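Novice: Handing you this structure, nothing more for now.
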Amino acid sequence: MSSLTELYQNVILEHNRSPRNYRVMDDADRQAEGNNPLCGDQLTVWLKLEGDVISDVAFQGLGCAISRASASLMTAAVKGKSRREAEELFERFRGLVTGGPSPADSETLGKLAVFSGVSQYPTRVKCASLPWHTMKAALDGAERRKGGTAEV
Ligand code: ZN
């Protein structure tokens, strides 16, 4: 096992153990539920918007280490970002986990690059991308819309 792989795994384990922004947000503007039946991952993402900026984001749910860690890192990544910036991050992340990114992309993605390894495991791609799809569904939806899917 390379030390880089080890580092990546440590980040995932750490975020799985103590996920960031893991709570119910009672006064959220937007909400979406995501479901990945292949693995059994389920989560809810809440967003608070100030104009076009994601001022707060939270999630809660049940799932494997990859989905929880990805949700944790997703919330940390999009908090304080504009809608467009969050959507761009999502596109880059999707490129990373489906194996189509340039190396430069994995650099600009920072900690999110820990998920580059999942591109080798198609079933895990859905675990890693589910929180992002759910965030996007919350962003696009009207208030309290249902709609995250496990599609890549
Ligand atoms: Zn999973």
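The values are calculated or read from the model by the stated rules, or taken from the named source; none is laboratory data. None of the values given here were measured: they were computed from a predicted structure. Positions of Cβ are generated from backbone atoms using ideal geometry, with glycine treated the same way; all protein chains shown enter the neighbour counts. Keep in mind that these areas ignore ligands, DNA and RNA; they rest on the heavy atoms of the full protein, side chains included. Shrake-Rupley method; radii C 1.70, N 1.55, O 1.52, S 1.80 Å.
Novice: Got a number for carbon plus sulfur as a percent of the stretch 3-148's accessible area, 1.4 Å probe?
Specialist: Accessible surface attributable to carbon and sulfur in the stretch 3-148 totals 49 percent.
Novice: Sticking with this one: Of the options Leu73, Pro131, Tyr121, report the single residue whose Cα projects farthest towards the positive end of the charge dipole of the stretch 3-148 (beta-carbon charges: Lys, Arg +1; Asp, Glu -1).
Specialist: Checked the options; the winner is Tyr121.
Novice: So, one more: At 1.4 Å probe size, with every protein chain present, just tell me what the per residue accessible area of the stretch 3-148 comes to in Å².
Specialist: That works out to 48 Å² per residue.
Novice: Right, another one. Apply the Karplus parameterisation 6.51 cos²θ - 1.76 cosθ + 1.60, with θ equal to phi minus 60°, to every residue of the stretch 73-80 and state each ³J(HN,Hα) to the nearest whole Hz, in sequence, with x for glycine and proline.
Specialist: Result, rounded to whole Hz: 5, 4, 4, 5, 6, 9, 4, x.
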